[in-house]
Each structure stands twice: as C-alpha cells, then as structure tokens.
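First up is the structure itself, then whatever we jot down about it.
The values are calculated or read from the model by the stated rules, or taken from the named source; none is laboratory data. None of the values given here were measured: they were computed from a predicted structure. Methodologically, a virtual Cβ is constructed for each residue, glycine included, from the backbone with ideal geometry; neighbour enumeration extends over all protein chains shown. SASA here: full protein model, heavy atoms, side chains in, ligands and nucleic acids out. Shrake-Rupley method; radii C 1.70, N 1.55, O 1.52, S 1.80 Å.
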2 protein chains.
Amino acid sequence: MTKGENMTTDRLNILKKFFKKNRRLPSYSEMLKLFGFSSKNAVFKLINKWVEANFLKKENGKLAPTSKFFALPILGNIKAGFPILAEENKNYLTLDEYLIEDPQSSFLLKVSGDSMIGIGIFEGDIVIIEKKKEAFTGDIVLAQIDNEWTLKIFKKDRLKKIIFLEAANPRYPPFYPQNELQIYGVVRAVIRKIN
Amino acid sequence: MTKGENMTTDRLNILKKFFKKNRRLPSYSEMLKLFGFSSKNAVFKLINKWVEANFLKKENGKLAPTSKFFALPILGNIKAGFPILAEENKNYLTLDEYLIEDPQSSFLLKVSGDSMIGIGIFEGDIVIIEKKKEAFTGDIVLAQIDNEWTLKIFKKDRLKKIIFLEAANPRYPPFYPQNELQIYGVVRAVIRKIN
DNA sequence: CTTGACAGTGAACAAATGTTTACTATATAA
DNA sequence: TTATATAGTAAACATTTGTTCACTGTCAAG
C-alpha cells in the first residue's frame, strides 16, 4: 500500500466517522475543513475516486454512500486455512440491511424466560419479529397463550391436522390450543450482545 | 389518530423508504414529487414538523435523520402484561448503533463447528468481533491454536496464574497453550438469521 | 355564522452547492 | 534528463438549495 492510498483510506475513515455521527454526508465545503484542503477541487477529485471505488455514488447529481461504505468485512469460516485475516477474499455485510428486510413490519423484543434455550435463544437476547398472523411448521412464533405472551415453536401435524406450540426446553410441555390461536409474528433473527 | 396524522406518518414512511434505498435524504425538490406537493413550502412545513417530532434534525442548515428515524420499536419483556403491543412505553433501537461501537476495529465472522453450542453460538451464526490482543476471563475469544482458528472461552486461573481456553461443548477438552497464545479479538455480539 | 387553525399554492431570493477550467508543485518512471 | 501522472490551489459560475412572504381553500369548534 502506497503513501497516497493510506492518505485516502484515512480520509475515508474520517468520512465514515462523520456519517456515523451525523447520519449524512458532509457538503464539499464541510469536507474542506474535514480533510484539511483549501480547494474544493481537491474534494471533488477525492470524491470521484471514492465513487469509482464504489464507496460512494452519484445519482441525480446527489452524492450518497453505497452499501460498501457501511459494510463490515465478513471473514470466512473459522476453520478455514491460515490467512482468514488477509485482505483478500473479503466479503461485506451491513447489519441493518442483512437483518431487517421490512422495517415497517418489524419490531424487536427482549426475551425473558428460558423456554427457548434449546435453540439458543436466551434471557436478555433480542429477537427481530416480523408481524404476521400465519406461520409454517418450525417457525418460532410470538403467540398469546392464556393472556400471556410467549415465544414457541409452531408445529402443524399434517395427518392429524392439529396445530400446537412447542417450547425448546424439555421442562415445558407442548401447548395445544383449545380454540383459535393468536399469532402475532415470527422470529426472523436473534441478536445477543455480549458485555 | 386523525386523518392528518395518518397522512404525515404515510409520508414519513415514504421518506424512510427513500433513505433505505438511497442512503440519503431527498432534497426538497425531490420531496415535491415524492409527496405529491406542488409547492416547496409544503415540504418546508412538513420537514419542520418532523424536526420538532425528532425524526429529523437540522444542523449547519443541513438536514439529517435522527436515531429515532431509523430505530425499530423495542417491546418489553415477553412475559410482561397484556399490552406489550401498545403504542405506549415504546423504546427504540438502531441495530448498527447498538451492535457496533467501533466499526474500524470490528469485523464479522461466520461460525462453523459446534464448539460453542453450550452458550448458544451455532454453526452459521455470525459473530461480531472486536480486534484486540488481550482478554478477560469469560470472554469469548478468536484465537489461533495449532495453525487453526477457533472461538473459545478465555479463562485465567488467578491462583495458578494459568491461561487456558475452554470450549462450550463437553465433547471438546480445554486447551492449555504451551508457549504464548495468539488472541485476535473478542466476540461482542452474536447474530443469527432465521430462514 | 364566524373564527382560527391547518394544509397547501406560488413566487421570489440570498446563499450554498457541485462542477469546470487553468495552473503549480512534487514525485515516479522511462 | 525528460516526460508524465498525481495531489493540490485558486477563481469563476450556473444551478440548486432551503427559506421567507403573501395568499387560498377547508374543516372543526365556539
């Protein structure tokens, strides 16, 4: 990596920090100060490099970050050979884009209880739930049972045409609803923050 | 909720979709078309309402979304009483902001293997790793053992002054490093996408 | 009714925007 | 050495920006 490349990566990081803080890109005049230039044309050329490198894009004459701008590098399998930390073979992932397909119909839920430990959902975890009223066998659903809310595994016995809810913890028995069953959504992702 | 409020929420959703797609806010002229106005002043007034409602903010005369703009509602405990889906008592959370404190020193890793199933980290999960070379007892670390990469629990026996790595799976024995131990980072979050 | 708030139109405008052009200095490669 | 690409300065400019002011129609409350 040459001196110049280091320079532009540094500046790209400055730009990323600005966006993280302000949730927008700075204007060219703001970048002047940000990068320590004294000519807007210097900014102009720098921006165009980033556009070519696909960190930014211009449409309608407006500047915007690309997905690459935000993305974290995702490294392959843990068990892959030695050079997993190498610069090559990188993939990128933006968490929000990866996890939340439709923000309108999604919400988060903080899990309490241990009814789902069998499939790795623990107390304190956050689950992303997509609002919907139907589910398929195997879906983890948010349902209302006896005026209480729970996460359970939705099961449908096709032969017997019976619907029931199962916990992922042997200590809890399966639940067979008497009448209709209120399903509010299905779990699309599990998130656990450590520390 | 009145007709008017519905109107503005609809338009806010249009704005959110625009941002999700373009990663920037539209200009007032773009909003003209977006919202179906024919006067920029209509946009101006609408924007100011959203600024007051803290969905957007203006600084330096520049418009930007707030954290509230992106955030998903987070609903309280599953076992909480009936009205957990009510509009009140809402909290909001932005995933990227919540999960990634320092994007510069973080990367993602796709987990393979079952050495961590005991603490709910499964094959296919994605872990967010913060690059660092030191760890505390109990940290889940990414370490290099015998030219192979693994996630293990870092343990320090204070009395014996011994460092060792533990799997969260009884099938794997603890690892006692002969010489020095290469630690590359510690796991800060676990993410599992379902479906 | 009247009144006032609300939602929007339309035009005008200073300020800021991104772009272009011409030029300089520095470093790299032939 | 010469040539050439790179990184930046400086000034000029059309276009677009967000804002302001004056005005209109509509609807609900007193």
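Of the residues making up segment A:1-21, those that are of a type outside the set (Lys, Arg), out of contact with any helix residue (DSSP H, G or I) (no Cβ under 8 Å at 6 or more places or on another chain), within 13 Å of DNA strand C (Cβ to nearest atom) and part of a helix (DSSP H, G or I) are A:GLY4, A:GLU5, A:ASN6, A:MET7. Each residue in segment A:42-68 was checked for being within 14 Å of chain B (Cβ to nearest Cβ), more than 9 Å from DNA strand C (Cβ to nearest atom) and small (Gly, Ala, Ser), and 2 of them qualify.
Against the condition surrounded by 14 or more Cβ atoms within 10 Å (Cβ to Cβ), within 27 Å of A:ASP102 (Cβ to Cβ), away from DNA strand D (no atom under 13 Å from the Cβ) and of a type outside the set (Lys, Arg), how does B:LEU46 come out, does it pass? Answer is no for this residue. Taking the criterion of being at the interface with chain A (Cβ under 8 Å from one of its Cβ atoms), surrounded by 21 or more Cβ atoms within 10 Å (Cβ to Cβ) and not in a strand (DSSP E or B), the residues of segment B:101-124 that qualify are B:VAL111, B:ILE121.
Scanning segment B:125-139 for residues that are in contact with a Lys or Arg (Cβ under 9 Å, 6 or more places away or on another chain) and either among the β-branched types (Val, Ile, Thr) or part of a strand (DSSP E or B) (or both) yields B:ILE126, B:VAL127, B:ILE128, B:ILE129, B:GLU130, B:THR137. Scanning segment B:144-181 for residues that are in a strand (DSSP E or B) and open to solvent by 70 Å² or more (accessible area, probe 1.4 Å) yields B:GLU148, B:LYS156.
Taking each residue of segment B:62-82 that is over 18 Å from A:PRO26 (Cα atoms) and modelled with pLDDT of 90 or more and looking for partners that are part of a strand (DSSP E or B) and open to solvent by less than 30 Å² (accessible area, probe 1.4 Å) with beta-carbon atoms closer than 7 Å, six or more apart or interchain, yields B:PHE69/B:LEU56. Only residues that are charged (D, E, K, R), more than 10 Å from DNA strand C (Cβ to nearest atom) and assigned to a helix (DSSP H, G or I) were counted across segment A:22-41, and they come to 1.
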